[in-house]
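Worksheet: one structure, shown below.
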Amino acid sequence: MARLSSAFEMAWGSLDAATDEAGWRTIAIEAAGPIEIHAGRRFPENQESMLVRFPTLKVGAAEKLPDGQGFAVERVDPRDDGHKWLALTRKIDGSAELFSAMVCDVAGALDLAAEEGSDEQKTMRSFLGRVRAWQEFMRKGSLVLSAEAEIGLIGELKVLAALINAGVADGAAVGGWVGPMNGLQDFLLGTGAMEVKSTISATGFIARIASLDQLDDSILQPLFVAAVKIRQISTGENLPDIVAASRALVSGEEGARRVLSERLIAAGYFDSQADRYIRRFELAGVRFIEVDSNFPRLLRGTVPTAVTRVFYDIDLDKVPGGSTDVAFILNRLAAI
């Protein structure tokens, strides 16, 4: 659970000053088990930071640290005593509101790791994984999903549940959900991939294809499209209900729970905004269609060489074939 923002914001406020003197000023915040957490500002830039110190773990030079829109992570030595910290710092053009929400969520992830008794290596992975999830989210820049993005996330979570219920291991299913992390397709499974398209339209199924590579089965085979139809209904589930059901599915595996939380953030879902999602839905059906030579699509080899980027729509209701047998699809993917 994310921490309250007041502790960080009060600390940043008390440290705010105009000075040309270079260096760090920090205030200790409640630790996450053995992991020290400070709110700080580095001068003369005077930007807000969250500093995290792992007692014995060294963050190797080869570790690529996240650097996203609105924030950066770097190795620092705020006390000039040789002890390295990781500093999560707001960039000057970054939203103060989003950065505060990010810091509180990342601190909450460290708290959860401490509660679960994670060692320092796992805790650092939790920290970096959570920050990378925010790195993807920052591309979107809003704490509330659009109506279209809400439907898309519901479709992906319904497919995730279908995969787990059909026998895909929790960790493999959640780890394979790469769409929120800017993956080419939404799921990487076994030897292939799956792209999820969702609609609430009662007539037609218009799916937006985002690139010339998204439906290219020469990159990964086999490749499937999961066409998810959702019906809005007053007695159905809202998005927070569906998120809760997804979490319950992976509740027995610590790693899968952590990755699911990261993927939800990267997708733009935050528990703090749950009351904003009031629409209720039920699953009307899922059709899995294999992408092969008969599937209508545009590929790099079929468009003029001068065409380098495209967005186009396909009516999936007009694409023949398909199966609702999840086990068959997973066997084709060698995922179970």
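Every read-out reported here was derived from the displayed coordinates using simple, explicitly stated rules and does not represent laboratory data. Owing to the predicted nature of the structure, the values given are computational and were not obtained by experimental measurement. Cβ: placed from backbone, ideal geometry, glycine included. Neighbour counts: every protein chain shown.
Entry note, the chain: relative contact order of 15 percent, from Cα contacts under 8 Å with a spacing of 6+ residues. Shown here is the pair-distance distribution of segment 66-151: with all Cα-Cα distances grouped in 5 Å bins from zero up to the longest one, the shares run 3, 13, 20, 21, 19, 14, 6, 2, 1, 1, 0 percent.
Paramagnetic label reach from K91 (point 7 Å along Cα→Cβ; backbone nitrogen cut-off under 11 Å): within segment 54-71, residues 67-71. Taken along the Cα-to-beta-carbon direction at a fixed 7 Å, the label points for R139 and S234 span 4.0 nm.
Recomputing Cα extents along the principal axes in Å from the coordinates shown identifies the correct label among (i) 68, 49, 35; (ii) 61, 51, 38; (iii) 146, 73, 38 as (i). Relative to the longest principal Cα axis of the chain, at what angle does helix 120-137 sit, 0 to 90 degrees, rounded to 10? Long axis of 120-137 versus the principal axis of the chain: about 60 degrees. Helix 239-249 and the longest principal axis of the Cα set of the chain meet at an angle near 90°.
Computed from Cα positions, the angle between helix 147-165 and the longest principal axis of the chain comes to roughly 80 degrees. For segment 16-123, the relative contact order works out to 22 percent when only alpha carbon pairs closer than 8 Å and six or more residues apart are counted.
The distance separating the Cα centre of segment 152-231 from that of segment 60-102 comes to 33 Å.
Built from the Cα atoms of segment 139-195, the convex hull projects on average onto 4.3 nm², one quarter of its surface area.
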